[in-house]
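Chemist: Following this message is one structure expressed as structure tokens.
Bear in mind these aren't lab numbers, they're just calculated from the coordinates by the rules spelled out. Bear in mind that the values here come from a model prediction, so they are computed numbers and not experimental data. Note that we place each Cβ from the backbone using ideal geometry, even for glycine, and neighbour counts take in every protein chain shown.
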Amino acid sequence: MDDISQDIQEKYEWLYGSSITFMEVLHAAYRNKNPNAAFFIRDSSFLKELPSDLNHRFRQDDEFSRRQIQLYKENVKKRFPDQVFTYKPEVESVDKTSSQVKLTNLEEFSNQVLTFFKSAISKIYPLEEVQPEVEVTLMDKLEEEQNLFIDYKTELVFGRQIEIDKLKDCSNDNFQKDCLSEYGGKNDDKSYEELKEKFKSSDDDELLKLILAEPGMGKSAVLAKLVQKIQENDENDLFYHFVPVSATTRESSIIIKRMLSFFIKDEKELKILEEKLPEEMIISLLAYLRKNPVKKRTYILIDAVNEMRSSGSHEHLNWLPPTFPKNIHCLVSCNTVHQHTLRKLAAKQPLVFSLTPLDKESVLNIIDYYLGMFNKKLDSHQKQLLSENDGASTPLWLRLACEELRIYGDFNTLSKKIELLPNDLKTLIEDILKRLQTEAAIENRKALNGTLCLLYAARTGLSEDDIPVLLGSENEPIAPLVWAETRRLLKQFLRIIYETRTGYERIDFIHDSVRLAVKSVLLPESKDTIKWHYKLANFLLNDAKKAPFSVDEIPYHLEASYQRGKLLDFMRKNPLSQRIPTYDRAQYVNNLKCTSFVHSNLSKVKSHSEIEMTVCHICQTGMKGGLNPIFNRPTEACYICGQWLGSGHLNKNKIYMCMQHSNMYRHNCVLCNSFQGSMKQKDNNLYVCHQCTFGYKYNLCNYLDTTNESVEES
């Protein structure tokens, strides 16, 4: 009893001298007459087949213990007459070295277990008559995902009530102006006025509001709690979108389409808007809202815009307006380290709300709550030590630190362990990763590191079925036990994501801070990630079952592993590429272009034909055929995105090569590389659409360089 704490004894009404196993049965089954408890009693007749010196392994030696077990069985049979089963095993063999006994004839036992639990489950969840299927739209599925994420995020939110109330109030007085400069953002009044003109802002508009916080500070949890707070009042309307929920929710097009669906209920009008480009959709939505003002106070909450798929691109957040119509309050959140996102937001001159560290009371509550879930606690001195660490004011740091202390095995040195905890999130995660590498068996260490590297490269998580295959060799996955051990070790860093579009469940990191720590510990050089992108690209490309559900990831990994030739082939010849939005396809192909300028003034070139990009007669007539319009009628399709342009000259720009490439290829067909000679074919020029000029029009060479292939993975 000395090993059992007083609060546990009181909570479970512990019987003196009872084992933990006995108390588990007593508390979970016997006292409350649990209908879902089953008792399987082994017939002891098999003991006659064993040498007498092995009997002690299956029965108690002393009379008191044997009598105690006998009474236990009798009382269980009386209390649960229909839930007690007897099975009769036989001895199959006895290992001469270890004296381990192997039993057989257990089929009846396994059938009894299966039958009982099927029956118990059917009583709780009875089979109902099959109802006609109700069509569930993509938007419905995304809504359900968002709600599950909110439940997950609000589990460990303590305190923060003042911040949540201020955000709900949305008064401009609760926010700061001009405070993004320290994060690399620059307020440009001229650009700001141009943005306001672009989105047709008016003087009584509501300004964009930004929630800013350091990584791990709990901004997603605060926003999730804010959602719940706003929903308490029917007088408010609320649209919310948490970017990190899944791969689908990271796309700007999904955010905008969900927003359109929220505000516009006319399906016909909605369908027209959804066919536009992202910025045009938002401009049209704002025009609609100015024409049809909202009646209720309305909130738009978008969490973690720094984690959007477009976060590294020039077009990132171009669709987000600097103001919204009156009575519509838009709040977006971002961390303090993603410089590109901060610069993009700074151009919109938002009002800023900086999330402050946790207060002391909230820190202590989280410590008690988290450790209490596992029936553990710290003494007052240890709690004081932990709460005084600078990192404790960051919720994610505190959660990970509590988990480290929970699994720490030496109580005598626990206080010293607390004192040695680092005071920043990045170092704490790095230390945990290094500890896991040390604790993992040598044969499991490769799987542990491989899993971390794969998830880092994958950007949107991976299926649990795929990771063991990727870690194996020659299509043989790693052993299930190795994978189970890897999952166990990494449990605190992983979460399950349900991918709406595909129906797959993916494993991903719980937070971007884990991704950054993995890079620091395992992938310090950019070249270190190439082999993992190479592995993922070829795995997804060659797996016929996975490829249709990974079309967005295939070009990403081909580009990241510098497989430029394969990337172009995929975009132009693989049917799966047609599922990728035209704009995204154009971006990937555009990145293959030569970066040299054609000439600052085309008039200085003696003959434009010297640098024009052309095709041979066979390719021009489409005799070679192909999936992409560029192969069917190349002179009437955009050379970059493949969009059909027609035979007219509207929306068409003739394209050229730089002098270097024109000297090498001006007499060759751009598509098939066959020699054409110096005689120019009639109307065999290639063109790009206005969108694919990407602002440079005639100035950049359009030759697609596919020579920079990566070396194969080692």
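Chemist: List, in order, the whole-Hz ³J(HN,Hα) value for each residue of the range 67-76 obtained from phi through the Karplus relation with A = 6.51, B = -1.76, C = 1.60 and θ = phi - 60°; use x for Gly and Pro.
Modeler: Rounded to whole hertz, the list is 5, 4, 5, 4, 5, 4, 5, 5, 5, 5.
Chemist: In degrees from 0 to 90, rounded to the nearest 10, what is the angle of the helix 395-406 Cα long axis to the longest principal axis of the chain?
Modeler: With both axes taken from Cα atoms, the answer is about 30 degrees.
Chemist: Residues with amide H under 5 Å of L238's amide H, sequence separation 5 or more or different chain, H placed in the peptide plane at 1.01 Å from N; which?
Modeler: Close amide H contacts, sequence-distant or interchain: Y299.
Chemist: Then there's this: Give the long-range amide H neighbours of L320: residues separated by 5 or more places, or on another chain, with amide H under 5 Å away, using H modelled in the peptide plane at 1.01 Å from N.
Modeler: Result for L320 returns nothing.
Chemist: Can you work out the Karplus-derived ³J(HN,Hα) for every residue in the range 339-349? Use 6.51 cos²θ - 1.76 cosθ + 1.60 with θ = phi - 60°, whole Hz, and x for glycine or proline.
Modeler: For the range 339-349, the Karplus-derived couplings read 4, 5, 5, 5, 5, 5, 5, 4, 4, 8, 6 Hz, x marking Gly and Pro.
Chemist: Angle check, please: helix 564-573 long axis (alpha carbons) against the longest principal axis of the chain (alpha carbons), in degrees 0 to 90, nearest 10.
Modeler: Roughly 80 degrees, rounded to the nearest 10.
Chemist: Still on this structure: Measure nothing but the geometry: give the 0 to 90° angle between the long axis through the Cα atoms of 107-124 and the longest principal axis through the Cα atoms of the chain, rounded to 10°.
Modeler: Compared with the principal axis, the helix lies near 70 degrees.
Chemist: Please report the equivalent ellipsoid semi-axes of the chain, computed as sqrt(5 x eigenvalue) of the Cα gyration tensor, largest first, in whole Å. Before the final figure, lay out each step's value.
Modeler: Details: eigenvalues 671, 245, 132 Å².
In descending order, the three semi-axes are 58, 35, 26 Å.
Chemist: Let me ask another. Taking +1 at the Cβ of each Lys and Arg and -1 at the Cβ of each Asp and Glu, which of L106, T137, T614 sits farthest along the dipole of the chain towards its positive end, judged by Cα position relative to the Cα centre?
Modeler: It is T614.
Chemist: Output wanted: per-residue J couplings in Hz (rounded whole) for the range 407-422, from phi through Karplus 6.51 cos²θ - 1.76 cosθ + 1.60, θ = phi - 60°, x for Gly and Pro.
Modeler: The phi angles translate into 8, 5, x, 10, 5, 5, 10, 4, 4, 5, 4, 5, 4, 8, 5, x Hz.
Chemist: Give me Y370, Y687 ranked fewest to most by other Cβ atoms within 10 Å of their Cβ, as a rough exposure proxy. It would help to have the intermediate numbers written out before the result.
Modeler: Working: Y370 18, Y687 21.
Least to most surrounded, the residues fall as Y370, Y687.
Chemist: Follow-up. Within the range 73-162, report the trypsin sites (Lys or Arg not before Pro) that DSSP leaves as loop and that have at most 14 other Cβ atoms within 10 Å. Don't jump to the answer; show the numbers that get you there.
Modeler: On the way: sites: K73, K77, K78, R79, K96, K102, K118, K123, K141, K153, R160; in loops: K96, R160.
Here the trypsin sites (Lys or Arg not before Pro) that fit, given the DSSP loop and packing criteria, are K96.
Chemist: Only counting other Cβ atoms within 10 Å, I'd like H690, H533 sorted with the fewest neighbours first.
Modeler: Values: H690 13, H533 22.
Fewest-to-most Cβ neighbours within 10 Å comes out as H690, H533.
Chemist: For the range 31-75 and the range 501-531, write down the distance between their C-alpha centroids in whole Å.
Modeler: 51
Chemist: Another question, then. Could you tell me the distance between the Cα centroids of the range 277-309 and the range 364-390, to the nearest Å?
Modeler: Between the Cα centres of the range 277-309 and the range 364-390 lies a distance of 43 Å.
Chemist: Based solely on its DSSP helices, what 222 nm [θ] is calculated for the chain when runs of n ≥ 4 H residues each add -39,500 (n - 2.57) and the sum is averaged over all residues, nearest 500 deg cm²/dmol?
Modeler: Details: 28 runs with 292 residues, N = 714.
That comes out to -12000 deg cm²/dmol.
Chemist: If each residue's Cβ is checked for other Cβ atoms within 10 Å, how do C594, C334 rank with the fewest at the top? If you can, show how the numbers build up before the last one.
Modeler: Details: C594 16, C334 27.
If I rank by nearby Cβ atoms, fewest first, I get C594, C334.
Chemist: Mind checking the dipole of the chain: about its Cα centre, +1 per Lys or Arg Cβ, -1 per Asp or Glu Cβ, Debye to the nearest 20? Numbers along the way, then the final one.
Modeler: Details: 94 positive and 101 negative charges, 391 e Å.
Approximately 1880 debye in magnitude.
Chemist: What number comes out for the charge environment of L71, summing +1 per Lys or Arg and -1 per Asp or Glu over other residues with Cβ under 14 Å away? Before the final figure, lay out each step's value.
Modeler: On the way: positive: R66, R67, K73, K77, K78, R79; negative: E63, E74.
Counting the neighbours of L71, the net charge comes to +4.
Chemist: Something else about it: Considering only DSSP beta bridges with both partners in the range 33-124, what is the antiparallel share in %, to the nearest 5? Don't skip to the answer; put the middle values down first.
Modeler: Values: 4 of 8 bridges.
Looking only at bridges with both residues in the range 33-124, the antiparallel portion is about 50 percent.
Chemist: So, with +1 on the Cβ of K and R and -1 on the Cβ of D and E, and no other charges, what is the size of the charge dipole of the range 371-451 about its Cα centre, to the nearest 20 debye?
Modeler: Numbers: 12 positive and 12 negative charges, 45 e Å.
Using Cβ point charges on Lys, Arg, Asp and Glu, the range 371-451 gives about 220 debye.
Chemist: Between N668 and residues 5 or more places away or on another chain, which pairs have amide H atoms under 5 Å apart, with H built 1.01 Å from N, and which residues are they?
Modeler: Q676
Chemist: Among DSSP bridges having both ends in the chain, what percentage is antiparallel? Round to the nearest 5.
Modeler: Details: 23 of 49 bridges.
Taking every DSSP beta bridge with both residues in the chain, the antiparallel ones total about 45 percent.
Chemist: Which one of H56, S119, Q68 has its Cα pushed farthest toward the positive end of the charge dipole of the range 33-124, where Lys and Arg give +1 and Asp and Glu give -1 at the Cβ?
Modeler: The listed residue farthest towards the positive side: S119.
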